[in-house]
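In what follows, a single structure is set out as structure tokens and then discussed.
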Amino acid sequence: MTGKEHDDHVARVWELAERIGIAMFVTWDGAEQRARPLAATVEKEEGAVYFLTDVSGEKDDQIAEFPHVSVSFADHKKSKYVALSGKATILNDRAKIKDLWSPFAKAWWDSPEDPAIRVIKLVPADAELWDSPGRIVTTISMLAAAVTGRSPKIGENAKVTL
């Protein structure tokens with residue numbers, strides 16, 4: 001992969017993660033992986049993804065003990081997928097909580113001043129993306145491949161270091 005291809009893939013990773021917005025956040029508890037959907041705030045300039053979380057959740061303890069996590073974003077309708085892997089930290093940064101506050105957060109807490117809110121900061125080290133032209137084009141390509149015996153061309157897949 002050339003430097004430009006790498007940079008293009010990295011830009012696409014950040015773009016898709018931001019556009020999709022909801023991720024399956026996966027931690028390790030020492031015995032098993034645990035996944036849960038969380039709303040993400042992508043800060044490409046900082047090289048970080050932020051999530052609001054509640055102090056009572058088990059994920060905070062899991063991150064404290066096992067900070068390496070993975071996060072997956074999926075847009076099934078458009079066949080676009082991104083997986084990030086990196087180190088997460090739990091922050092009690094009240095200014096960042098206010099910065100990340102949204103109407104979506106209001107479903108879980110009354111206000112950004114709620115003392116139970118924490119911030120998860122993920123600094124991804126690497127990513128993988130699957131960027132398909134969409135279901136119809138992918139289906140046609142797969143049908144054509146079945147008839148011709150050639151491999152289908154169903155979009156881009158790239159692994160990149162962030």
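The values are calculated or read from the model by the stated rules, or taken from the named source; none is laboratory data. Nothing here was measured: the structure is a model prediction, and the numbers come from that model. Keep in mind that these areas ignore ligands, DNA and RNA; they rest on the heavy atoms of the full protein, side chains included. Shrake-Rupley method; radii C 1.70, N 1.55, O 1.52, S 1.80 Å.
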The extension gain from LYS44 to GLU15, computed as 0.36 nm times the residue separation minus the Cα-Cα distance, is 9.6 nm
Straight-distance crosslink candidates among lysines, where the alpha carbon sits under 21 Å from LYS106 and sequence neighbours closer than 8 are dropped: LYS59, LYS96, LYS98, LYS121
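At 1.4 Å probe radius, can you tell me the per residue accessible area of the stretch 60-119 in Å²?
57
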Enter the accessible area of GLU65 (Å², nearest 10), with the probe set to 1.4 Å and all protein chains included. 130
When the distances between all Cα atoms of the chain are binned every 5 Å from zero, what whole-number percent does each bin get? 2, 9, 16, 18, 17, 14, 10, 7, 4, 2, 1, 0, 0
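How large is the Kirkwood hydrodynamic radius of the stretch 70-132, in angstrom, based on all distinct alpha carbon pairs?
When all Cα pairs of the stretch 70-132 are included, the Kirkwood radius is 13.7 Å.
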Angstrom value of the Kirkwood radius, inverse mean 1/r, which spans all Cα pairs in the stretch 1-66: 13.6
Extended-chain gain in nm, criterion 0.36 nm per residue less alpha-carbon gap, ALA35 and ASN92: 18.3 nm
Listed by chain and number, the aspartates and glutamates with an alpha carbon less than 14 angstrom from that of LYS77, same-chain partners under 8 positions apart left out, are ASP131
